[in-house]
Every structure is written in structure tokens, then in C-alpha cells.
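**Student:** Take a look at this one; I'll ask things after.
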Amino acid sequence: MANKNSNAEPDFVYVLADKTVKTGDNVFLTCEANTSNVTAKWEKAGHKLQCVEGKHKLSTNGTRFSLEILNAKPEDEANYTVTLQNQSGSSSCSATITVEIKDWRKMEKKQEPMIKALKNFKIFSGEVKELRFLLHGPIGAGKSSTINTLKSIFEGHQFINCLTGSDSTGTSLTTKYEKFSIGPLPFVFYDVMGLESNEGKQSRGVRIDDIVNAFKGHIPDNYKFREDMPMIEEHRDYIISPTINNKIHCLVSVIPADRLSMMSEDVINKMRNIRAEASKLGIPQLVFMTRVDRVCELTSEDLGKIYQSKKIREKITMCSNKLGVTENCIFPVKNYHDEIRGNEQLNCLALQAFTQIVYSANDYIKNWSSKQKQVE
Ligand SMILES: Nc1nc2c(ncn2[C@@H]2O[C@H](COP(=O)(O)OP(=O)(O)O)[C@@H](O)[C@H]2O)c(=O)[nH]1
Ligand SMILES: [Mg+2]
């Protein structure tokens, strides 16, 4: 190389290359000049790079000029430029660093092991015929759709729109205490009438005292809830001495991700009150956050990337703050909605969430069992 040390105008032998890294990785940008008789100036997004100790490492080795960025963070994502200069002139090149967020939760990729585990699941106590889940949440949250999704996984066919309401319905479709089974599994769902709040009017939907009655096992199947009065002992169908088989074993709050920020105080307060009542009775509680495809393009295009999505993560944090639930109790799900075919990723998300509520309900049964033994 004749002009390596001469006063030639700087030029690049190798230019910087674009890099895509995960958070926490180190990134190495390097270029090679035609001469070592140059100084290198680095820029980030068009401004002089402010070197930070422990973050940036600049180095020169003969004709090689490098920048190392340690422990990449989303804020390191930018276009970086190096300008080589000497008395004969200058030359620049740029590269973009993209920082992907690491999966913040593990996504199960195979549905079969989860399906098998649920099919073989044995309830802790032989006295308990089935684990009973109560789904509650605002109208249009996706409660019926969630049941449809699980049914379609275990019953092998699609259940689009047979139970679900339309997006625009102003009032709830579900008014009965109706039981939904999931194939032959010992798990049943009750989908209680939506929690409504109609423009300034009082909140409607199932009364909190009736939800508590359901928790405790006083409400029979197919009871039609009334807004004006709760179920009372004097009612001919009131279950006076409920057994464990009449009670609710796990509460599932269903929250639509795309409407979270618009939910009224009224509905939120009602949900918080219901959760508080469940806590008093020792009933485990989890949250299904539905309609995730509506809030994140990345997720909508590839459900497998849901746990890399910043938007979904933000929604989970928002949901956690609003409802006062820890983030690890919130499960994002997407329901069958306009799909024609089954989708394994969609099933996996639903199955992960379902598995959690099954284990939580079973924990409730374990507690109940050990209390029974103490009494005996
Ligand atoms: N895009 C999308 N739409 C959904 C999802 N879950 C439910 N929906 C739609 O949201 C609307 C309300 O759902 P529905 O299950 O009837 O809500 P419910 O009132 O809580 O029972 C329906 O049009 C569903 O098709 C989802 O995960 N993604
Ligand atoms: Mg419904």
C-alpha cells in the first residue's frame, strides 16, 4: 500500500456496517482508511458523540478506526458517522445501529405439550368435579371470544362469532349466569354480564353483591341477573348451603388492550372492588389482556414477537397500575376474530394464559383441602 502513510486524501478501504443487536449486547463499529495519517471524528445522529465512560470505547489501530458501544440500550439506537480528516481533505461514512428489545417473557412455541398437559390435568381434590372460572370485564372486552378461542383449541373447530357481540353494541349480550365447558376438560367458565358505564349514567351490568354471591356459590346455573336487585336468600333458586362445586375458584378480569386508556373511572373502580371482594375470599385473580393485535403493529403482523413489543409492555404496565395487579399476573392474548384457519401462535398464547388460571384455581382447591383437613 504505497500511500498508507503519505498525505493522501482520506478514503475508506472498508466502511461502517449497519448492525442490529439485542439489548445488553456490545456493538462494534469499525472502518479502515487508506492512510493512518488522519484523525477520526465520531457523530451520533448528526451531533458530536459525547463519549461516556463505561459506555463508549474509541480506538485506533494503524489504519483501523473503531467505536465500541457497551451494553446496548434502546437509546443507543441511532445513525453513527465517522469522519476521517487530514490536511488534504476529509471523508465520511455512516451506519445505523438498531437495538431490539430482548423477549421480556418467554413465549411457548409448541401447543401440543400444553394441550396434552391440560388434557391430563388432575384436580388436587377428588371432591371437586371441575375448576370454575369467572370472567368479568367491560362489555366488548372479549370475554365470549376468549371462551370461543379455548373451545376452538379443545373442540377442534372454529367458533367465530357464535357467542361474541359486535364491536358497536352498546349494551351487553350476556345476562345469564351461563356455564361454558371446554371440550371434555374439567374446566368451566362463567361469563358475567359486562360492566357498563353509559356516558355519565350509573354503572350497569351485574351488581357487585351478585358477583360476590357467585363467588360464594349461591347462584345457580342459568340464573338471570337483575340490575335492580341482588339474589337473596328468599329466592327459590338461591343455593343456601353451597359446596366447593358451587363456588368460583379463580377470577379472570378481561381487559381490552386497545380501550384501556379510555376505560371510565367507574368501570375501573368496579373492577377493583370486585377484585377486593375476591381477595377477601382467597380467590386467585389473573388478567387476560385481549385485542393485543389492535395496539401493536409488530404483534399484529407476527404474534410470535409479542414479548418483544414495547407497546404491549407499556399496556401491561398501564393495566397493572389501573387495576392494581402485578404485571406477572397479566396475560396478553389474541382471540380468533377474523381468522379462517387455526394459528399455533395464537393458540400458544391462549394456552399459556389458560394453564396459569388452571394452576391458580388448583392452588385455591389445595388451600381449601388443607382447611378441610384441619376442621376434621
Ligand atoms: N382484533 C381483535 N378483536 C377481538 C379480540 N377479542 C375479541 N375481539 C372482538 O371484540 C368484539 C367483542 O368481543 P366479545 O367477545 O363479544 O366481548 P364480550 O362482550 O366481553 O363478551 C368482537 O367483535 C370480537 O370479535 C382480539 O383479540 N382481537
Ligand atoms: Mg359476551
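The values are calculated or read from the model by the stated rules, or taken from the named source; none is laboratory data. Since we're looking at a predicted model, the values are computed, not measured. Quick reminder, even Gly has a Cβ in these numbers, built from the backbone with ideal geometry, and neighbours come from all protein chains shown.
**Student:** Residue under question is Glu53, and the condition is that it be closer than 27 Å to Leu303 by Cα and free of Cβ contacts under 8 Å to residues at least 40 places away in the same chain; does it hold?
**Tutor:** Details: closer than 27 Å to Leu303 by Cα: no; free of Cβ contacts under 8 Å to residues at least 40 places away in the same chain: yes.
It is false that Glu53 is closer than 27 Å to Leu303 by Cα and free of Cβ contacts under 8 Å to residues at least 40 places away in the same chain.
**Student:** List the residue pairs whose Cβ atoms are under 8 Å apart, where the first residue sits in region 118-142 and is assigned by TED's automatic domain parsing to the domain that holds Ala350, the second is of a type in the set (Asp, Glu) and exposed (fewer than 15 other Cβ atoms within 10 Å of the Cβ), and the two are 6 or more positions apart or on different chains.
**Tutor:** Hits for this filter: Gly140/Asp167.
**Student:** Can you confirm whether Asn245 is surrounded by fewer than 20 Cβ atoms within 10 Å (Cβ to Cβ), away from ligand 1 (no atom under 13 Å from the Cβ), polar (S, T, N, Q) and at pLDDT 85 or above? Give the steps one after another, and end with the answer.
**Tutor:** Numbers: surrounded by fewer than 20 Cβ atoms within 10 Å (Cβ to Cβ): yes; away from ligand 1 (no atom under 13 Å from the Cβ): yes; polar (S, T, N, Q): yes; at pLDDT 85 or above: yes.
Spelling it out, Asn245 is indeed surrounded by fewer than 20 Cβ atoms within 10 Å (Cβ to Cβ), away from ligand 1 (no atom under 13 Å from the Cβ), polar (S, T, N, Q) and at pLDDT 85 or above.
**Student:** If you check Ser92, Ser152, which single one turns out to be of a type outside the set (A, V, I, L, M) and either touching a residue at least 12 places away in the same chain (Cβ under 8 Å) or within 18 Å of Leu185 (Cβ to Cβ) (or both)? Reasoning before the result, please.
**Tutor:** Working: Ser92 fails: either touching a residue at least 12 places away in the same chain (Cβ under 8 Å) or within 18 Å of Leu185 (Cβ to Cβ) (or both).
Testing whether each residue is of a type outside the set (A, V, I, L, M) and either touching a residue at least 12 places away in the same chain (Cβ under 8 Å) or within 18 Å of Leu185 (Cβ to Cβ) (or both) leaves just Ser152.
**Student:** Only one of (1) within 16 Å of ligand 1 (Cβ to nearest atom); (2) surrounded by 20 or more Cβ atoms within 10 Å (Cβ to Cβ) fails for Lys311. Which number is that?
**Tutor:** Only one criterion is unmet by Lys311, namely (2).
**Student:** So for region 116-130 (the condition being over 30 Å from Gln372 (Cα atoms), within 14 Å of ligand 2 (Cβ to nearest atom), modelled with pLDDT of 90 or more and not small (Gly, Ala, Ser)), does at least one residue qualify?
**Tutor:** First pass over region 116-130, keeping only residues over 30 Å from Gln372 (Cα atoms): 116.
Now narrow it down to the ones that are within 14 Å of ligand 2 (Cβ to nearest atom): none.
Looking through region 116-130, none of the residues is over 30 Å from Gln372 (Cα atoms), within 14 Å of ligand 2 (Cβ to nearest atom), modelled with pLDDT of 90 or more and not small (Gly, Ala, Ser).
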